Amino acid sequence: MGNKETKTGFVVIALLLGIFVASMDNTIVATAMATIVADLGGLKQFVWVTSAYMVAEMAGMPIFGKLSDMYGRKRFFLFGIVVFLLGSVLCGMAQTIVQLSIFRAIQGIGGGALVPIAFTIMFDIFPPEKRGKMGGLFGAVFGLSSIFGPLFGAYITDYLNWRWVFYINIPLGMIAFLLLWIYYRESPKHSQQSIDWLGVMTLVPAVVCLMFALELGGQKYAWDSAVIIGLFSAFAVLFLVFLYVETKAQEPIVSYQMFRQRLFASTTLVAFFSGATFVVATIYIPLFIQGVTGGSATNSGLILLPMMLSTTVSAQLGGFLCGKTSYRNVMLGFMLLFVLGIGLLGTIDEHTTRSTVTLYMIIVGLGVGASFSVLGMAAIHHFSEAERGAASSTSSFVRSLGMTVGITVFGIIQRNLFTNQLAEQFSGMAQAGFGGAAHDPRAILSPEARAYIPAPVLDRLTEALASSIADTFLWALIPAALTVVCVLLMSNERLAIPSKDERVEVIENASSPREHIPVK
(Lines give C-alpha, C1' and ligand atoms only; values in the text may rest on other atoms or scores of the structure.)
Protein backbone atom coordinates (compact mmCIF):
# COMPACT_ATOMS: atom_id res chain seq x y z
CA MET A 1 0.00 0.00 0.00
CA GLY A 2 2.89 2.31 0.79
CA ASN A 3 4.32 1.72 -2.68
CA LYS A 4 0.96 2.55 -4.29
CA GLU A 5 0.71 5.73 -2.27
CA THR A 6 4.24 6.71 -3.32
CA LYS A 7 3.39 6.17 -6.98
CA THR A 8 0.21 8.17 -6.54
CA GLY A 9 2.21 10.98 -4.96
CA PHE A 10 4.50 11.14 -8.01
CA VAL A 11 1.46 11.18 -10.31
CA VAL A 12 -0.02 14.07 -8.35
CA ILE A 13 3.27 16.00 -8.64
CA ALA A 14 3.24 15.44 -12.41
CA LEU A 15 -0.35 16.65 -12.70
CA LEU A 16 0.30 19.71 -10.55
CA LEU A 17 3.35 20.65 -12.63
CA GLY A 18 1.29 20.26 -15.81
CA ILE A 19 -1.44 22.53 -14.44
CA PHE A 20 1.14 25.01 -13.19
CA VAL A 21 3.04 25.56 -16.45
CA ALA A 22 -0.06 25.51 -18.68
CA SER A 23 -2.13 27.97 -16.63
CA MET A 24 0.87 30.16 -15.78
CA ASP A 25 1.45 30.76 -19.48
CA ASN A 26 -1.91 32.54 -19.61
CA THR A 27 -0.38 35.41 -17.65
CA ILE A 28 3.41 35.08 -17.58
CA VAL A 29 3.86 37.18 -20.71
CA ALA A 30 1.80 40.11 -19.41
CA THR A 31 4.51 41.97 -17.48
CA ALA A 32 7.24 41.01 -19.96
CA MET A 33 5.32 42.35 -22.95
CA ALA A 34 6.82 45.84 -22.93
CA THR A 35 10.33 44.37 -23.14
CA ILE A 36 9.31 41.87 -25.83
CA VAL A 37 7.79 44.61 -27.98
CA ALA A 38 10.88 46.77 -27.50
CA ASP A 39 13.02 43.86 -28.74
CA LEU A 40 10.86 42.42 -31.52
CA GLY A 41 8.68 45.39 -32.48
CA GLY A 42 5.05 44.95 -33.47
CA LEU A 43 3.30 47.18 -30.95
CA LYS A 44 0.00 46.91 -32.80
CA GLN A 45 0.07 43.09 -32.85
CA PHE A 46 1.33 42.46 -29.30
CA VAL A 47 -2.10 41.54 -27.88
CA TRP A 48 -2.10 38.39 -30.03
CA VAL A 49 0.90 37.00 -28.17
CA THR A 50 -1.52 36.44 -25.27
CA SER A 51 -4.70 35.86 -27.25
CA ALA A 52 -3.13 33.26 -29.60
CA TYR A 53 -2.24 31.07 -26.63
CA MET A 54 -5.66 31.36 -25.04
CA VAL A 55 -7.63 30.77 -28.24
CA ALA A 56 -5.51 27.71 -29.16
CA GLU A 57 -5.73 26.33 -25.62
CA MET A 58 -9.45 26.83 -25.62
CA ALA A 59 -9.85 25.10 -28.99
CA GLY A 60 -7.83 22.09 -27.85
CA MET A 61 -9.69 21.48 -24.59
CA PRO A 62 -12.90 19.85 -25.88
CA ILE A 63 -10.97 17.78 -28.43
CA PHE A 64 -8.46 16.39 -25.93
CA GLY A 65 -11.17 15.88 -23.33
CA LYS A 66 -13.13 13.69 -25.74
CA LEU A 67 -10.02 11.84 -26.89
CA SER A 68 -9.04 11.10 -23.28
CA ASP A 69 -12.45 9.49 -22.71
CA MET A 70 -11.98 7.38 -25.84
CA TYR A 71 -8.36 6.28 -25.68
CA GLY A 72 -7.11 7.08 -22.17
CA ARG A 73 -5.91 10.08 -20.22
CA LYS A 74 -2.22 9.22 -20.05
CA ARG A 75 -1.26 9.34 -23.73
CA PHE A 76 -2.96 12.68 -24.35
CA PHE A 77 -1.60 14.29 -21.20
CA LEU A 78 1.90 13.25 -22.31
CA PHE A 79 1.17 14.43 -25.86
CA GLY A 80 0.07 17.78 -24.46
CA ILE A 81 3.33 18.16 -22.54
CA VAL A 82 5.40 17.41 -25.66
CA VAL A 83 3.51 19.94 -27.81
CA PHE A 84 3.63 22.52 -25.02
CA LEU A 85 7.40 22.15 -24.62
CA LEU A 86 7.93 22.33 -28.39
CA GLY A 87 5.98 25.58 -28.46
CA SER A 88 8.01 26.90 -25.51
CA VAL A 89 11.31 26.26 -27.31
CA LEU A 90 10.04 27.93 -30.48
CA CYS A 91 8.75 30.95 -28.53
CA GLY A 92 12.17 31.43 -26.98
CA MET A 93 13.70 31.44 -30.46
CA ALA A 94 11.15 33.83 -32.07
CA GLN A 95 12.60 36.74 -34.07
CA THR A 96 9.39 38.67 -34.81
CA ILE A 97 6.15 39.34 -32.99
CA VAL A 98 4.27 37.38 -35.68
CA GLN A 99 6.48 34.33 -35.17
CA LEU A 100 6.01 34.61 -31.41
CA SER A 101 2.22 34.71 -31.80
CA ILE A 102 2.26 31.59 -34.02
CA PHE A 103 4.51 29.70 -31.62
CA ARG A 104 2.30 30.75 -28.70
CA ALA A 105 -0.59 29.10 -30.52
CA ILE A 106 1.42 25.85 -30.64
CA GLN A 107 2.01 26.19 -26.91
CA GLY A 108 -1.71 26.74 -26.40
CA ILE A 109 -2.64 23.53 -28.23
CA GLY A 110 -0.49 21.57 -25.79
CA GLY A 111 -1.85 23.50 -22.83
CA GLY A 112 -5.38 22.61 -23.91
CA ALA A 113 -4.69 18.98 -23.00
CA LEU A 114 -3.04 19.57 -19.63
CA VAL A 115 -5.48 21.35 -17.31
CA PRO A 116 -8.78 19.50 -18.01
CA ILE A 117 -7.14 16.06 -18.23
CA ALA A 118 -5.21 16.67 -15.00
CA PHE A 119 -8.44 17.37 -13.10
CA THR A 120 -10.06 14.31 -14.69
CA ILE A 121 -7.18 12.01 -13.71
CA MET A 122 -7.44 13.34 -10.17
CA PHE A 123 -11.11 12.31 -10.07
CA ASP A 124 -10.22 8.90 -11.52
CA ILE A 125 -7.53 7.97 -9.00
CA PHE A 126 -8.97 9.37 -5.76
CA PRO A 127 -12.07 8.16 -3.91
CA PRO A 128 -14.86 10.66 -3.11
CA GLU A 129 -13.75 11.32 0.46
CA LYS A 130 -10.35 12.60 -0.80
CA ARG A 131 -11.58 14.59 -3.80
CA GLY A 132 -12.43 17.70 -1.82
CA LYS A 133 -8.93 17.93 -0.37
CA MET A 134 -7.25 17.14 -3.69
CA GLY A 135 -9.59 19.43 -5.61
CA GLY A 136 -8.57 22.21 -3.24
CA LEU A 137 -4.89 21.45 -3.86
CA PHE A 138 -5.32 21.36 -7.64
CA GLY A 139 -7.40 24.52 -7.58
CA ALA A 140 -4.82 26.24 -5.39
CA VAL A 141 -2.05 25.47 -7.88
CA PHE A 142 -4.26 26.65 -10.74
CA GLY A 143 -4.94 29.94 -8.98
CA LEU A 144 -1.37 30.22 -7.76
CA SER A 145 0.02 29.90 -11.26
CA SER A 146 -2.42 32.50 -12.62
CA ILE A 147 -1.04 35.07 -10.20
CA PHE A 148 2.55 33.79 -10.13
CA GLY A 149 2.83 34.19 -13.92
CA PRO A 150 3.13 38.01 -13.95
CA LEU A 151 5.48 37.94 -10.96
CA PHE A 152 7.76 35.31 -12.47
CA GLY A 153 7.66 36.89 -15.92
CA ALA A 154 8.57 40.29 -14.52
CA TYR A 155 11.50 38.95 -12.49
CA ILE A 156 12.93 37.03 -15.45
CA THR A 157 12.53 40.07 -17.69
CA ASP A 158 14.34 42.38 -15.28
CA TYR A 159 17.19 40.07 -14.30
CA LEU A 160 17.64 37.53 -17.12
CA ASN A 161 16.13 37.75 -20.60
CA TRP A 162 12.51 37.66 -21.73
CA ARG A 163 13.22 34.46 -23.70
CA TRP A 164 13.68 32.57 -20.42
CA VAL A 165 10.00 33.25 -19.72
CA PHE A 166 9.47 30.37 -22.16
CA TYR A 167 12.60 28.30 -21.60
CA ILE A 168 11.77 27.88 -17.89
CA ASN A 169 8.90 25.58 -18.92
CA ILE A 170 11.32 22.95 -20.26
CA PRO A 171 12.71 21.47 -17.01
CA LEU A 172 9.32 21.61 -15.29
CA GLY A 173 7.58 19.97 -18.23
CA MET A 174 10.19 17.24 -18.54
CA ILE A 175 9.82 16.33 -14.86
CA ALA A 176 6.04 16.12 -15.27
CA PHE A 177 6.41 13.97 -18.39
CA LEU A 178 8.80 11.48 -16.78
CA LEU A 179 6.83 11.14 -13.54
CA LEU A 180 3.52 10.49 -15.28
CA TRP A 181 5.05 8.18 -17.87
CA ILE A 182 6.74 6.03 -15.22
CA TYR A 183 4.22 5.97 -12.38
CA TYR A 184 0.71 6.36 -13.83
CA ARG A 185 -1.10 3.15 -14.76
CA GLU A 186 -4.64 3.30 -16.04
CA SER A 187 -7.29 0.82 -17.02
CA PRO A 188 -7.17 -0.28 -20.68
CA LYS A 189 -10.97 -0.06 -20.86
CA HIS A 190 -12.22 3.13 -22.51
CA SER A 191 -15.36 4.38 -24.21
CA GLN A 192 -15.17 4.16 -28.00
CA GLN A 193 -16.67 7.36 -29.44
CA SER A 194 -16.37 9.48 -32.55
CA ILE A 195 -14.79 12.92 -32.73
CA ASP A 196 -17.06 15.77 -33.83
CA TRP A 197 -14.63 17.23 -36.35
CA LEU A 198 -17.32 19.33 -38.06
CA GLY A 199 -18.04 20.94 -34.70
CA VAL A 200 -14.35 21.69 -34.23
CA MET A 201 -14.08 23.19 -37.73
CA THR A 202 -16.97 25.57 -37.06
CA LEU A 203 -16.38 26.52 -33.41
CA VAL A 204 -12.67 27.38 -33.62
CA PRO A 205 -12.97 29.71 -36.67
CA ALA A 206 -16.04 31.31 -35.06
CA VAL A 207 -14.06 32.18 -31.92
CA VAL A 208 -11.10 33.46 -33.97
CA CYS A 209 -13.39 35.71 -36.05
CA LEU A 210 -14.95 37.10 -32.89
CA MET A 211 -11.56 37.83 -31.31
CA PHE A 212 -10.23 39.58 -34.42
CA ALA A 213 -13.40 41.66 -34.76
CA LEU A 214 -13.28 42.79 -31.14
CA GLU A 215 -9.55 43.54 -31.20
CA LEU A 216 -9.31 45.31 -34.57
CA GLY A 217 -12.62 47.18 -34.34
CA GLY A 218 -12.23 50.82 -33.37
CA GLN A 219 -8.43 50.57 -33.62
CA LYS A 220 -7.16 49.49 -37.01
CA TYR A 221 -10.58 49.50 -38.66
CA ALA A 222 -13.75 51.47 -37.95
CA TRP A 223 -16.55 49.51 -36.29
CA ASP A 224 -18.75 50.02 -39.37
CA SER A 225 -16.00 49.02 -41.85
CA ALA A 226 -16.48 46.10 -44.21
CA VAL A 227 -13.69 44.13 -42.49
CA ILE A 228 -15.22 44.32 -38.99
CA ILE A 229 -18.77 43.73 -40.19
CA GLY A 230 -17.50 40.78 -42.22
CA LEU A 231 -15.73 39.29 -39.18
CA PHE A 232 -18.81 39.65 -36.99
CA SER A 233 -20.97 38.16 -39.74
CA ALA A 234 -18.59 35.22 -40.15
CA PHE A 235 -18.69 34.64 -36.40
CA ALA A 236 -22.49 34.69 -36.35
CA VAL A 237 -22.82 32.29 -39.29
CA LEU A 238 -20.15 29.87 -38.04
CA PHE A 239 -21.53 29.87 -34.50
CA LEU A 240 -25.08 29.20 -35.69
CA VAL A 241 -23.78 26.37 -37.87
CA PHE A 242 -21.88 25.03 -34.86
CA LEU A 243 -25.03 25.06 -32.72
CA TYR A 244 -26.90 23.16 -35.45
CA VAL A 245 -24.06 20.68 -36.00
CA GLU A 246 -24.02 19.86 -32.28
CA THR A 247 -27.65 18.77 -32.44
CA LYS A 248 -26.80 16.22 -35.15
CA ALA A 249 -23.37 14.98 -34.04
CA GLN A 250 -23.19 11.50 -32.57
CA GLU A 251 -20.68 12.67 -29.95
CA PRO A 252 -20.75 16.50 -29.90
CA ILE A 253 -17.76 18.34 -28.47
CA VAL A 254 -20.15 20.51 -26.43
CA SER A 255 -22.97 18.17 -25.53
CA TYR A 256 -26.39 19.72 -24.95
CA GLN A 257 -27.17 16.65 -22.86
CA MET A 258 -24.64 17.81 -20.27
CA PHE A 259 -26.36 21.18 -19.99
CA ARG A 260 -29.60 19.46 -19.02
CA GLN A 261 -27.93 18.92 -15.68
CA ARG A 262 -28.74 22.11 -13.79
CA LEU A 263 -25.57 21.94 -11.71
CA PHE A 264 -23.31 21.58 -14.76
CA ALA A 265 -25.04 24.34 -16.75
CA SER A 266 -24.96 26.90 -13.93
CA THR A 267 -21.42 25.95 -12.91
CA THR A 268 -20.22 26.45 -16.47
CA LEU A 269 -21.76 29.94 -16.58
CA VAL A 270 -20.09 30.82 -13.28
CA ALA A 271 -16.76 29.70 -14.78
CA PHE A 272 -17.32 31.93 -17.84
CA PHE A 273 -18.19 35.11 -15.96
CA SER A 274 -15.66 34.65 -13.15
CA GLY A 275 -12.91 33.99 -15.71
CA ALA A 276 -13.83 37.12 -17.67
CA THR A 277 -13.72 39.21 -14.47
CA PHE A 278 -10.64 37.77 -12.80
CA VAL A 279 -8.43 38.24 -15.84
CA VAL A 280 -9.08 42.00 -15.60
CA ALA A 281 -7.43 42.07 -12.17
CA THR A 282 -4.40 40.04 -13.27
CA ILE A 283 -3.74 42.37 -16.22
CA TYR A 284 -4.67 45.85 -15.02
CA ILE A 285 -3.35 45.84 -11.48
CA PRO A 286 0.26 45.41 -12.76
CA LEU A 287 -0.44 48.09 -15.36
CA PHE A 288 -1.70 50.43 -12.61
CA ILE A 289 1.33 49.86 -10.40
CA GLN A 290 3.80 50.19 -13.26
CA GLY A 291 2.15 53.12 -15.04
CA VAL A 292 0.63 55.13 -12.20
CA THR A 293 2.96 54.62 -9.24
CA GLY A 294 6.09 54.20 -11.36
CA GLY A 295 7.10 50.71 -10.27
CA SER A 296 9.28 48.42 -12.36
CA ALA A 297 7.93 45.28 -14.02
CA THR A 298 9.18 43.27 -11.05
CA ASN A 299 7.46 45.51 -8.51
CA SER A 300 4.21 45.37 -10.44
CA GLY A 301 4.44 41.58 -10.23
CA LEU A 302 5.30 41.57 -6.53
CA ILE A 303 2.17 43.56 -5.79
CA LEU A 304 0.22 40.49 -6.92
CA LEU A 305 1.79 38.30 -4.25
CA PRO A 306 -0.97 38.94 -1.65
CA MET A 307 -3.62 37.92 -4.17
CA MET A 308 -1.59 34.81 -5.00
CA LEU A 309 -1.51 33.77 -1.36
CA SER A 310 -5.17 34.58 -0.66
CA THR A 311 -6.24 32.70 -3.80
CA THR A 312 -4.31 29.65 -2.63
CA VAL A 313 -5.93 29.75 0.81
CA SER A 314 -9.38 30.21 -0.69
CA ALA A 315 -8.98 27.31 -3.13
CA GLN A 316 -8.00 24.96 -0.31
CA LEU A 317 -10.82 26.21 1.91
CA GLY A 318 -13.36 25.87 -0.90
CA GLY A 319 -12.35 22.25 -1.53
CA PHE A 320 -12.62 21.46 2.18
CA LEU A 321 -16.05 23.09 2.56
CA CYS A 322 -17.49 21.06 -0.34
CA GLY A 323 -17.55 18.05 1.97
CA LYS A 324 -19.50 20.03 4.56
CA THR A 325 -22.14 21.86 2.54
CA SER A 326 -23.42 22.26 -1.02
CA TYR A 327 -21.37 23.61 -3.90
CA ARG A 328 -23.86 26.48 -4.17
CA ASN A 329 -23.49 27.56 -0.55
CA VAL A 330 -19.71 27.49 -0.81
CA MET A 331 -19.63 29.49 -4.03
CA LEU A 332 -22.20 32.09 -2.93
CA GLY A 333 -20.15 33.39 -0.03
CA PHE A 334 -16.93 33.50 -2.00
CA MET A 335 -18.49 35.14 -5.06
CA LEU A 336 -20.05 37.91 -2.96
CA LEU A 337 -16.57 38.59 -1.61
CA PHE A 338 -15.27 38.59 -5.18
CA VAL A 339 -17.81 41.22 -6.26
CA LEU A 340 -16.85 43.37 -3.26
CA GLY A 341 -13.16 43.20 -4.21
CA ILE A 342 -13.79 44.18 -7.84
CA GLY A 343 -16.00 47.05 -6.69
CA LEU A 344 -13.28 48.33 -4.37
CA LEU A 345 -10.75 48.19 -7.22
CA GLY A 346 -13.13 50.44 -9.12
CA THR A 347 -12.45 53.20 -6.57
CA ILE A 348 -8.68 53.46 -7.10
CA ASP A 349 -7.10 56.65 -8.46
CA GLU A 350 -3.65 58.17 -8.88
CA HIS A 351 -3.50 58.87 -5.13
CA THR A 352 -4.33 55.31 -3.99
CA THR A 353 -1.58 53.80 -1.84
CA ARG A 354 -0.07 50.39 -2.48
CA SER A 355 -1.31 49.13 0.89
CA THR A 356 -4.87 49.97 -0.13
CA VAL A 357 -4.47 48.19 -3.47
CA THR A 358 -3.01 45.21 -1.61
CA LEU A 359 -6.03 45.01 0.70
CA TYR A 360 -8.43 45.12 -2.26
CA MET A 361 -6.48 42.40 -4.05
CA ILE A 362 -6.54 40.12 -1.01
CA ILE A 363 -10.33 40.40 -1.04
CA VAL A 364 -10.44 39.58 -4.77
CA GLY A 365 -8.12 36.60 -4.27
CA LEU A 366 -10.16 35.22 -1.36
CA GLY A 367 -13.30 35.60 -3.44
CA VAL A 368 -12.14 33.97 -6.67
CA GLY A 369 -9.84 31.26 -5.29
CA ALA A 370 -12.58 28.83 -4.34
CA SER A 371 -13.85 28.76 -7.92
CA PHE A 372 -10.63 27.05 -9.04
CA SER A 373 -11.38 24.00 -6.91
CA VAL A 374 -15.16 23.99 -6.40
CA LEU A 375 -16.23 24.53 -10.01
CA GLY A 376 -14.04 21.69 -11.27
CA MET A 377 -15.63 19.24 -8.84
CA ALA A 378 -19.15 20.52 -9.42
CA ALA A 379 -18.81 20.25 -13.21
CA ILE A 380 -17.94 16.53 -13.03
CA HIS A 381 -20.34 15.71 -10.17
CA HIS A 382 -23.10 13.98 -12.17
CA PHE A 383 -20.97 12.22 -14.78
CA SER A 384 -19.50 8.74 -15.03
CA GLU A 385 -15.82 8.02 -15.57
CA ALA A 386 -16.43 7.63 -19.31
CA GLU A 387 -17.83 11.18 -19.48
CA ARG A 388 -15.59 13.05 -17.06
CA GLY A 389 -13.02 14.07 -19.66
CA ALA A 390 -15.65 15.74 -21.83
CA ALA A 391 -17.35 17.38 -18.83
CA SER A 392 -14.10 18.70 -17.37
CA SER A 393 -12.82 19.95 -20.71
CA THR A 394 -16.12 21.68 -21.53
CA SER A 395 -16.03 23.52 -18.21
CA SER A 396 -12.38 24.50 -18.74
CA PHE A 397 -13.16 25.49 -22.32
CA VAL A 398 -15.89 27.88 -21.20
CA ARG A 399 -13.68 29.39 -18.48
CA SER A 400 -10.93 29.99 -21.07
CA LEU A 401 -13.48 31.49 -23.44
CA GLY A 402 -14.52 33.85 -20.66
CA MET A 403 -10.90 34.86 -20.05
CA THR A 404 -10.26 35.36 -23.76
CA VAL A 405 -13.39 37.46 -24.23
CA GLY A 406 -12.56 39.34 -21.03
CA ILE A 407 -9.05 40.23 -22.21
CA THR A 408 -10.40 41.47 -25.53
CA VAL A 409 -13.55 43.28 -24.40
CA PHE A 410 -12.04 44.96 -21.34
CA GLY A 411 -8.91 45.75 -23.34
CA ILE A 412 -11.13 47.68 -25.76
CA ILE A 413 -12.93 49.41 -22.90
CA GLN A 414 -9.72 50.45 -21.14
CA ARG A 415 -8.07 51.59 -24.36
CA ASN A 416 -11.05 53.74 -25.36
CA LEU A 417 -11.37 55.19 -21.86
CA PHE A 418 -7.64 56.00 -21.84
CA THR A 419 -7.80 57.61 -25.28
CA ASN A 420 -10.74 59.79 -24.24
CA GLN A 421 -9.00 60.76 -21.01
CA LEU A 422 -5.84 61.71 -22.88
CA ALA A 423 -7.82 63.88 -25.30
CA GLU A 424 -9.45 65.62 -22.36
CA GLN A 425 -6.25 66.02 -20.32
CA PHE A 426 -4.14 67.38 -23.19
CA SER A 427 -6.76 69.43 -25.02
CA GLY A 428 -5.16 72.73 -23.97
CA MET A 429 -1.52 71.68 -23.77
CA ALA A 430 -0.56 71.29 -27.44
CA GLN A 431 0.24 75.00 -27.72
CA ALA A 432 2.53 74.74 -24.71
CA GLY A 433 4.67 72.14 -26.46
CA PHE A 434 3.55 69.21 -24.33
CA GLY A 435 0.95 67.72 -26.65
CA GLY A 436 3.48 65.43 -28.36
CA ALA A 437 4.20 63.60 -25.14
CA ALA A 438 0.74 62.15 -25.18
CA HIS A 439 1.42 60.37 -28.47
CA ASP A 440 3.53 57.76 -26.70
CA PRO A 441 1.68 57.09 -23.42
CA ARG A 442 3.48 53.74 -23.01
CA ALA A 443 6.56 55.71 -22.03
CA ILE A 444 5.11 55.96 -18.52
CA LEU A 445 5.53 52.17 -18.15
CA SER A 446 9.31 52.56 -18.19
CA PRO A 447 10.96 54.13 -15.10
CA GLU A 448 13.79 55.38 -17.33
CA ALA A 449 11.45 57.03 -19.82
CA ARG A 450 9.32 58.57 -17.06
CA ALA A 451 12.35 60.51 -15.83
CA TYR A 452 12.38 62.53 -19.08
CA ILE A 453 8.67 63.37 -19.11
CA PRO A 454 7.90 66.89 -17.81
CA ALA A 455 6.06 66.81 -14.48
CA PRO A 456 2.86 68.49 -15.75
CA VAL A 457 2.62 65.95 -18.59
CA LEU A 458 3.40 62.98 -16.34
CA ASP A 459 0.71 64.02 -13.86
CA ARG A 460 -1.89 64.17 -16.60
CA LEU A 461 -0.79 60.86 -18.11
CA THR A 462 -0.96 59.03 -14.77
CA GLU A 463 -4.32 60.59 -13.95
CA ALA A 464 -5.71 59.48 -17.32
CA LEU A 465 -4.33 55.95 -16.93
CA ALA A 466 -5.59 55.58 -13.34
CA SER A 467 -9.05 56.80 -14.29
CA SER A 468 -9.28 54.44 -17.27
CA ILE A 469 -8.25 51.42 -15.17
CA ALA A 470 -10.65 52.24 -12.32
CA ASP A 471 -13.54 52.69 -14.76
CA THR A 472 -12.61 49.38 -16.39
CA PHE A 473 -13.00 47.66 -13.01
CA LEU A 474 -16.41 49.28 -12.62
CA TRP A 475 -17.43 47.81 -15.98
CA ALA A 476 -16.11 44.46 -14.76
CA LEU A 477 -18.73 44.55 -12.00
CA ILE A 478 -21.26 43.46 -14.63
CA PRO A 479 -19.84 39.95 -15.22
CA ALA A 480 -18.88 39.78 -11.52
CA ALA A 481 -22.52 40.32 -10.53
CA LEU A 482 -23.61 37.75 -13.11
CA THR A 483 -21.45 35.15 -11.36
CA VAL A 484 -23.58 35.61 -8.24
CA VAL A 485 -26.79 35.24 -10.26
CA CYS A 486 -25.50 32.02 -11.82
CA VAL A 487 -24.43 30.67 -8.42
CA LEU A 488 -27.99 31.17 -7.18
CA LEU A 489 -29.16 29.04 -10.13
CA MET A 490 -27.00 26.11 -9.04
CA SER A 491 -28.77 23.07 -7.62
CA ASN A 492 -28.13 22.00 -4.05
CA GLU A 493 -25.80 18.99 -4.51
CA ARG A 494 -22.71 18.51 -2.40
CA LEU A 495 -19.61 16.36 -2.71
CA ALA A 496 -20.78 12.79 -2.03
CA ILE A 497 -18.69 11.11 0.66
CA PRO A 498 -19.66 7.46 1.15
CA SER A 499 -19.91 5.84 4.55
CA LYS A 500 -17.12 3.62 5.88
CA ASP A 501 -19.01 0.44 4.93
CA GLU A 502 -19.58 1.73 1.39
CA ARG A 503 -15.88 2.58 1.01
CA VAL A 504 -14.85 -0.90 2.08
CA GLU A 505 -17.25 -2.45 -0.43
CA VAL A 506 -15.98 -0.26 -3.27
CA ILE A 507 -12.37 -1.11 -2.45
CA GLU A 508 -13.12 -4.83 -2.44
CA ASN A 509 -14.88 -4.59 -5.80
CA ALA A 510 -12.41 -2.22 -7.45
CA SER A 511 -11.54 -3.54 -10.87
CA SER A 512 -8.46 -1.47 -11.71
CA PRO A 513 -5.72 0.52 -9.98
CA ARG A 514 -6.83 3.81 -11.48
CA GLU A 515 -10.37 3.47 -10.29
CA HIS A 516 -9.43 3.60 -6.65
CA ILE A 517 -6.72 3.97 -4.08
CA PRO A 518 -6.84 2.01 -0.82
CA VAL A 519 -8.29 4.05 2.02
CA LYS A 520 -6.77 3.86 5.44
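Results for (1) modelled with pLDDT under 80; (2) under 18 Å from M403 (Cβ atoms), shown as yes or no for each residue.
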{"position": "I109", "(1), (2)": "no, yes"}
{"position": "D124", "(1), (2)": "yes, no"}
{"position": "A140", "(1), (2)": "yes, no"}
{"position": "I147", "(1), (2)": "yes, yes"}
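Does V254 qualify as being in a helix (DSSP H, G or I) and of a type outside the set (K, R)? Considered against the rule, which asks whether it is in a helix (DSSP H, G or I) and of a type outside the set (K, R), V254 comes out as no. Scan the stretch 79-96 for residues that are assigned to a helix (DSSP H, G or I) and in contact with a helix residue (DSSP H, G or I) (Cβ under 6 Å, 6 or more places away or on another chain) and the total you get is 10. Mind telling me which of the residues L366, L375 ends up being within 25 Å of I478 (Cβ to Cβ) and open to solvent by 20 Å² or more (accessible area, probe 1.4 Å)? After ruling out the rest, the residue left standing is L366. For the residues A370, A437, A391, the requirement of being in a helix (DSSP H, G or I) and modelled with pLDDT under 80 singles out A437. Can you confirm whether Q219 is open to solvent by 50 Å² or more (accessible area, probe 1.4 Å) and either in a loop (DSSP other than H, G, I, E, B) or at pLDDT below 80 (or both)? So Q219 passes the test. Taking helices (runs of 4 or more DSSP H) as the structural unit, those lying wholly within the stretch 105-188 and holding at least 1 residues that are under 21 Å from F320 (Cβ atoms), open to solvent by less than 10 Å² (accessible area, probe 1.4 Å) and of a type in the set (F, W, Y) correspond to 128-159. Among residues of the stretch 318-336 being of a type in the set (A, V, I, L, M) and under 20 Å from the mean Cα position of the chain (by Cα), the one that is modelled with the lowest pLDDT is M331. Tell me yes or no: at least one residue of the stretch 285-299 is modelled with pLDDT of 80 or more and touching a Leu at 6+ places or on another chain (Cβ under 7 Å). Yes: the stretch 285-299 contains one or more residues that are modelled with pLDDT of 80 or more and touching a Leu at 6+ places or on another chain (Cβ under 7 Å). Going by the conditions given, is S88 at pLDDT below 85 and crowded, with 24+ Cβ neighbours inside 10 Å? Here the answer is no, as S88 does not meet what is asked. On inspection, G275 passes the criterion of being modelled with pLDDT of 80 or more and either touching a helix residue (DSSP H, G or I) at 6+ places or on another chain (Cβ under 9 Å) or among the hydroxyl-bearing types (S, T, Y) (or both).
So that you can scan it fast, the table gives a plain yes or no per residue for (1) open to solvent by less than 10 Å² (accessible area, probe 1.4 Å); (2) at pLDDT below 80; (3) touching a Phe, Trp or Tyr at 6+ places or on another chain (Cβ under 6 Å); (4) not basic (K, R):
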position	(1), (2), (3), (4)
E5	no, yes, no, yes
V29	yes, yes, no, yes
F46	no, yes, no, yes
A59	no, yes, no, yes
K66	no, yes, no, no
F76	no, no, yes, yes
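Considering R399, R354, the condition of being buried (at least 24 other Cβ atoms within 10 Å of the Cβ), among the charged types (D, E, K, R) and in contact (Cβ under 8 Å) with a residue 60 or more places away in the chain is satisfied by R399 alone.
The values are calculated or read from the model by the stated rules, or taken from the named source; none is laboratory data. Quick caveat, the model's predicted, so the values are computed rather than measured. No Cβ is skipped: glycine too gets one built from the backbone with ideal geometry, and neighbour counts run over all protein chains shown. We work out accessible area using only protein heavy atoms, side chains counted, and drop any ligands, DNA or RNA first. Shrake-Rupley method; radii C 1.70, N 1.55, O 1.52, S 1.80 Å.
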